Each structure stands twice: as structure tokens, then as C-alpha cells.
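Only one structure is covered here, and it is reproduced in the block below.
The values are calculated or read from the model by the stated rules, or taken from the named source; none is laboratory data. None of these values were measured; they are calculated from a predicted model. So basically every Cβ, Gly included, is an ideal-geometry build from the backbone, and we count neighbours across all protein chains shown.
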Amino acid sequence: MVINGFGGPEVLVPAELPLPEPGADEVRIRVQAVAVARTKDVAARAGRPPFGPMITAFPHVLGTEHAGVVDAVGSAVGDLSPGTRVAVSAVLSCGKCRGCVIGHEEACETFGLIGVHRQGSYAEYVVAPAGNVHRLPDDVDAASAAAVAANGPVARAQLDAGLVGEGSTVLVIGAGGALGSMAATLAAWRGARVIGVDRLADRPDRLDGLPLAASVDGDGEQLPQLIASAAGSWGLDCVIDNLGLPAVWAAYRPAVAYLGRIIVSGAISHDALPMQLLPFYLRSQSLIGVRTGNRAQMAAVWRDVHEGFRPPRDHVRRVPFADVSNAHAQVEAGTTHGQTVLEML
């Protein structure tokens, strides 16, 4: 599937392109499942920032994180062979700038993405750097693997930044979403007590299947009291807020504990938040932005998978690849929950 220009879901059209050839340190993947990302796919298809303006040549193949089977390897790749089941990260980094040298590839000066800065995985075959490729356990299907590849590294980066571990109390805003459901499940797997917030009035089942200690309707009355009650006497050790909604921010701020950390990876709302610095220093709190996971966190989340972590099955929504336009429309309209994944049938 390609786009020949920006527009609505209808601009996604089938096309025949040459089979991509892997370079010396690259791997060619026969794609089985592709994650549909709201920003990296849907907004980019429409030409919206941040990634749409970075697509400068057409026809262009979207598609970032994906899973499949190794089809061919470059001459310098010695640890992968055709037939290996893998998941693939989309992050491209130079390996030379200061960000890369200190192990923070997410700060790379030439940060790029498969599916944005080069042809992506809405295709039968895609080429990726060998360092982006991770082997799968036998019992992890391609759709689940694509969901972990899309959201696992950044969820792990958020939890690491929030010092989330055994006994932590974590509030996840938008817990029914693709990243939120992954972060909530991974936090619970670490032994944290997780509180999920989402809009439940129109979709009461939005948080079903998640390992939550409490669920809170983000549109409900007395939201501050509901969050405070769920948080308990100590309060929230960590808040994961990828929405940046002023009303929700005001509702949870009083419940953040001493030493509490607020972690942000994206902000759907661009409205200004009522920021007061006084509580941050009086209670030794932190506000931390996390762009994405770096290579160490990518490797770590796949170690988690090999040790038993699994994404919430009810929050991996499988869609036939031929229905990609409808999948885009539904993600754009916000009528889905969890991670939408396109499956090659």
C-alpha cells in the first residue's frame, strides 16, 4: 500500500514496487503484521506534523513497527538467518552523534523512522537495520509482537523514568489506548498497583482485560476525589500522562506523592497546562518527557517478553491488511481501543 500524496484514508492504494534489497548490515523481512500508529501513520498520511512534512517523495510506503519472518540478510549480518521469526523497531539513528554515543539514540541528531524517512512496512517485504530486529519466542504471534514493538520500548522507558517497580502506585491516563494499555500491563507485570483513567461513559469496556487495581472514568464527576481515593494515603508514585488535558492534569496533581514523577510521551491536547512550580520542589517531584525507547530499552522489553511478559490480548485489535483504509479512519476517529494491527493474510 502506498500514498501518492497526502489526504484522507482513501489515498492509501495498492501498488507494485521492486523487491527491496538489504544492504550489508540489513535484513529483509517478509511482513506478517504491522502496527497502525496514530501519529507515525495516520497523521503522517494526512501530511500533519510532526512526521507528515518529513515525507518528501512519492509513492511512499507507510508502516513503522512490524513483525514477520527473516527473508534475506546482508553480507555483514551473522546472527540472523532466513526463516527466523522477528519483530522490528522503526527507530533509525546514526550511532555517531552525542546522543547515540551516550546511549540515548532517541536524541539522535538525525533521528529517523522506517515508514517516514524510508520506505515502510505496509508491504509484503521491508528492509531494516539488523540492530532493529529482535527474535520472538515461539508462543508470541506476529500481531502481539508488532504491538510490543510499537509500544513496549517507550512504555518501558516511561516506567524506568518513573522508577516504577514492586509496590509502586501508578496512574495511567488514557489506559485504554495503544501505549496506555501497554504501559499499564507492563507496570502491573513489574508488581506495581495500577490505576487506569479513560473515557468510560461511551465505552464502558474500554479498560476490560487490563490488570488494574482501579478504573476511573475521566469524564466522571468528582474526578479529583476519585483519583485521590484510588491513590490511597501515600499518593501516586508515578503518573503516565500522554494526553495533556488541563482538566485531568488539575485532577491528579494533588494526588501525586512525595518524590512522585509525572512522565509525558506526547500530548494530544496542545492547550497550556496550569503549571505551578511550588509543589515540585516542596514535594521533590519531577516532570519528565520521554520521546521513545532507546536501544537498551528495546532490548530490555524483549528480554521481558522472553521472561513471560505478554501484551493484553483484548487490546491487540487485528485487522486484515486489505482493510487498511478503514483501520486508519477508525484510529483517526478515536473509535478503537488498544493497538490496531494489520495482518497479512
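Output the number of the condition that His104 fails; it satisfies all remaining conditions of (1) closer than 30 Å to Glu16 by Cα; (2) in contact (Cβ under 8 Å) with a residue 24 or more places away in the chain.
In the conditions (1) closer than 30 Å to Glu16 by Cα; (2) in contact (Cβ under 8 Å) with a residue 24 or more places away in the chain, His104 misses (1) alone.
Out of Ser215, Ser265, which single residue is touching a residue at least 60 places away in the same chain (Cβ under 8 Å), polar (S, T, N, Q) and surrounded by fewer than 23 Cβ atoms within 10 Å (Cβ to Cβ)? Outline the logic, then answer.
Numbers: Ser215 fails: touching a residue at least 60 places away in the same chain (Cβ under 8 Å).
Just a single option satisfies the conditions, and that option is Ser265.
Checking Arg156 against (1) surrounded by fewer than 24 Cβ atoms within 10 Å (Cβ to Cβ); (2) touching a residue at least 12 places away in the same chain (Cβ under 8 Å): exactly one of these is not met. Which one?
It is condition (1) that Arg156 fails.
Looking only at helices (runs of 4 or more DSSP H) that lie completely in region 155-260, which have at least 3 residues being closer than 23 Å to Pro274 by Cβ?
Passing ranges, in order: 223-231, 246-252.
Say whether the condition of being part of a helix (DSSP H, G or I), surrounded by fewer than 19 Cβ atoms within 10 Å (Cβ to Cβ), hydroxyl-bearing (Ser, Thr, Tyr) and modelled with pLDDT of 90 or more is met by at least one residue in region 322-339. Give the derivation first.
Taking region 322-339 and keeping what is part of a helix (DSSP H, G or I), we get 322-333.
Now restrict to residues that are surrounded by fewer than 19 Cβ atoms within 10 Å (Cβ to Cβ): 322-323, 325-326, 329-330, 332-333.
So of that shortlist, the ones also hydroxyl-bearing (Ser, Thr, Tyr) come out as 325.
Remaining after also requiring modelled with pLDDT of 90 or more: 325.
The answer is yes; a qualifying residue exists.
Output the residues belonging to region 39-55 that are touching a residue at least 12 places away in the same chain (Cβ under 8 Å), not in a helix (DSSP H, G or I) and not hydrophobic (A, V, I, L, M, F, W, C).
Gly47
Among (1) under 25 Å from Val133 (Cα atoms); (2) more than 23 Å from the chain's Cα centre (by Cα); (3) buried (at least 21 other Cβ atoms within 10 Å of the Cβ), there is one condition Leu345 misses while meeting the rest; what is its number?
Leu345 satisfies every listed condition except (3).
Determine whether region 175-184 contains at least one residue that is farther than 16 Å from Arg206 by Cβ and either surrounded by fewer than 20 Cβ atoms within 10 Å (Cβ to Cβ) or in contact (Cβ under 8 Å) with a residue 60 or more places away in the chain (or both). So that I can check it myself, show each step before the final result.
Step one: filter region 175-184 for residues farther than 16 Å from Arg206 by Cβ, giving none.
No, because not a single residue in region 175-184 is farther than 16 Å from Arg206 by Cβ and either surrounded by fewer than 20 Cβ atoms within 10 Å (Cβ to Cβ) or in contact (Cβ under 8 Å) with a residue 60 or more places away in the chain (or both).
Regarding region 154-164, can at least one residue be identified that is more than 14 Å from Asp314 (Cα to Cα), modelled with pLDDT of 95 or more, in contact with a strand residue (DSSP E or B) (Cβ under 7 Å, 6 or more places away or on another chain) and not hydrophobic (A, V, I, L, M, F, W, C)?
Yes - at least one qualifying residue is present in region 154-164.
Looking only at region 45-87, filter to residues that are closer than 16 Å to Gly120 by Cβ and among the polar types (S, T, N, Q); which one of those is farthest from the chain's Cα centre (by Cα)?
Among them, the one singled out is Thr56.
Checking the condition surrounded by 19 or more Cβ atoms within 10 Å (Cβ to Cβ) and part of a loop (DSSP other than H, G, I, E, B), which residue from Gly5, Gly63 passes?
Testing whether each residue is surrounded by 19 or more Cβ atoms within 10 Å (Cβ to Cβ) and part of a loop (DSSP other than H, G, I, E, B) leaves just Gly63.
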